[in-house]
Structure formats: C-alpha cells, structure tokens
C-alpha cells in the first residue's frame, strides 16, 4: 500500500510534465457555435436562399493572426473600401455590404474569397455576405458623399493702413486798437497784425501740439494773459498759448492788443497745402480745408439761466 | 576719327552736366532757399541808422522780408527793409530796438545783436562774425 502510494507520487509529476500530443488535442468547439453550425443551411442552400452563411471550415481554422490581412489604420478611406475586396482569403465584411436596389446586391453576397485562396479541403468555401445576418438591404440608402475638407480659413489680413501726414492749423483772433481780425489756419511765419508792421510772428505749434508759439516784438509789453512768455513776462520774446488762452499786450504808443487762440487742429498735409495754394491764389486768409482729426476746440462752458420746467 | 569721337564724347559729357545742373536748378526752384546772412555792414550801428545785409535767399519783394534782431536776454525787434533784392537788404534799425540793448544804469550799452531774415522761410541766425554791435541812438 505504501509502495503504491510512493509510486503514485512519483508518477504524477512525471505524467504532468509530459508534453501534450498536438494531434491528440481537439479544438474545442463552443457549444453555441456547434449548435449554430448545425442549424445553418449548407453553402449551396445558403447561396440559393440568400441566407447568412457561416462555414465550419472557418471554425476549424486555427486562430492565427497571420490569417488576417494587415490593417493600416492610416490608409485613406477610398483605398480601404476598394482595396480590401478579394485580396485575402478571409471575407471582408465591409466589401460585402450590398446596396439595396442595386444590381450588385446579389453579387455582393457571392463568395468573394473564391478561387485559389480559399485553402484547405473546403476549396474556397463559399463564405461572405453579411456575417451578422442583419438585413443590411433594408437600411436606408443614403449615399455618403465624400466629405471634402474645408479649406483652412486664412485669417483676413487687415489692409495696411497708410499713415497720413498731418500738420497743425491754428485759428486765432487778434483784437487790435482799431479792429478785430480773426485768422483761420494761420500760415507759418505770418506777420500779425499786418505784414508791413508786424508785432507778432507766428512760428507754429510746439512739439506737444498744444501750444501755438509766437515771436513777440520788443515794442509789446505783456499786460495780462494766460500764456507762457520767454524770457520773462517783462521781456516777452516768445509766447506760447494754448487753445482758449488769451494774452493782452500794450505797445509803446499805448495801443492794446489781445491775442486769443481759438483752436488748434490737426489737418492733413495735402489739405493744408491745398489751402495754402488757395490762400495764395486768392490772397485771402482762411481758406477752407477739411479737418482730418478730432478738433481740440476750446468750448466755453454753457451757462444756463432760463429753462422750461415745473416749479416745485 | 578718334578726334571726332573724343569731341563728340566731350559734347555729350557737357550736355549731361548741363542737364544735371538744370535738374539741380529746378530742385532749388521747387522751394525758396533759406535766407542766410553772409555779410553785414557796418558792423557797428546806431539805432535809427541803416545797415546793409548781404546774403542769399532773400525775397526780391521788399515787404516779404522781415529782419529780426535778437539782443540781450533773447529780446526781439522786428524791422522791415527799405530796399530789397534777392541778395541784399537795406534796413533801418527801428527806435524800438533800444529795448533789446543790454540795460545798465546809464541806459542801453552796446550789444551784439544777431540777425535773422524771415521771408516765406525762417532764415538762419547770423553767426557772431556777422552779428553787428548795436549802440544806442545817442552814442
């Protein structure tokens, strides 16, 4: 008894370490598969009745991955739909989808793998069709239009804005002993009040764009004003005035001058040149020109004394 | 043959220079030149006396020229010429120019004044060598 047990202990590992015989191993057929295979019609019947077909030869084939066609996931879709048909021994379901109403619907279910590539004793077993057995012929037949990729939207390039050359135009009012003269867009180096006997020479607008600068004759002395005099108020050689500011002078004979800057405008050089040419041609001050930039006009505050309303 | 060719080349070269000069002249005539004072006489002048200013870029129209005298502390005095040409201005120093002299207790003292001629362009200020000394009327 003990010997028997020892022999069994020795024999059991030996038997377990033995290699299995490949010929003796049976491929286990799933019960469901075998049942289905039994219930399915034969190949010829399937062809005749247009029924789905599953070949037992497929079930008997080894599950070798090499039997499948190598799939390139990056293959273009048009090559995938056409290139796969009939190339391999294994039917490609995508190529076998019939289109309802089309004459190829019947041919779509023909064994596309027939020929020399079927292999085995089955001799090109008629496999194909819709492997799932679903009625693909009843599907709505909406042809899938090839989607053309939309061209990438190029960002609309802004039209290059051409910089405009601007200059300043100054409007001023000079009140002299005898009259008041309003100057519109004073020309540079203009002599005020008259060219024959100037007491003020308009130089232009300073780099800040806020001050009109005048040369002041030594005959004038500053009485009052809001402008900036250099070298001093007593010896005013250059006068800077902002829009809305007023400077009052008095000359040696006691005549009173009041200079007021109405506004400083930015205008295009072209329009200023046109205005200058027109002014020279007509020998008149104040040629009209178009303002190209927002004006910096001095607007006095509006004082309201009377208004309409209900009394409280 | 060679001589005629050289002559022709010289003619062509002369024509090119003339054309270039013409272009330069046109370029200058596109805008008035900047007035420049080159010589002043006399260099010492009293108020109410005349000086002669020679230079370039002046206007031949008398009233279009204005002479700015710049004296002590940057004070200015404007003067209109008596006569004018494109190169010469004759100017009487106005009485108001007394104000631009350096003031001392005894009154205005001789002061060097720089000149600037204004036409339609703002002229260059005269250099010291061409800036006369202005003296009071009584001196």
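The values are calculated or read from the model by the stated rules, or taken from the named source; none is laboratory data. Keep in mind that what you see is a predicted model, and the values were worked out from it rather than measured. We place every Cβ from the backbone using ideal geometry, glycine too, and count neighbours over all the protein chains shown.
Worth a mention:
- Selected residue (criterion: surrounded by the fewest Cβ atoms within 10 Å (Cβ to Cβ)) from residues of region A:231-253 that are within 14 Å of chain B (Cβ to nearest Cβ) and without any contact (Cβ under 8 Å) to a residue 24 or more places away in the chain: A:253
- Which listed residue is in contact with a strand residue (DSSP E or B) (Cβ under 9 Å, 6 or more places away or on another chain) and part of a helix (DSSP H, G or I), from B:39, B:99, B:54, B:116: B:99
- Any hit, region B:57-74, residues being out of contact with any strand residue (DSSP E or B) (no Cβ under 8 Å at 6 or more places or on another chain), more than 30 Å from residue A:279 (Cα to Cα) and not in a strand (DSSP E or B): no
- Restricted to region B:39-73, and to residues there that are within 26 Å of residue A:214 (Cα to Cα), loosely packed, with under 14 Cβ neighbours inside 10 Å and away from chain A (no Cβ under 14 Å), the residue that is nearest to the chain's Cα centre (by Cα) is B:60.
- Some residue of region A:260-279 being in contact with a strand residue (DSSP E or B) (Cβ under 8 Å, 6 or more places away or on another chain), free of Cβ contacts under 8 Å to residues at least 40 places away in the same chain, more than 24 Å from residue B:95 (Cβ to Cβ) and within 14 Å of chain B (Cβ to nearest Cβ): no
- Selection status of residue A:190, at pLDDT 85 or above, within 12 Å of another protein chain (Cβ to nearest Cβ), in contact with a strand residue (DSSP E or B) (Cβ under 8 Å, 6 or more places away or on another chain) and under 15 Å from residue A:261 (Cα atoms): yes
- Per-region count, region B:74-98, residues surrounded by fewer than 21 Cβ atoms within 10 Å (Cβ to Cβ), more than 15 Å from residue A:198 (Cβ to Cβ) and within 8 Å of chain A (Cβ to nearest Cβ): 1
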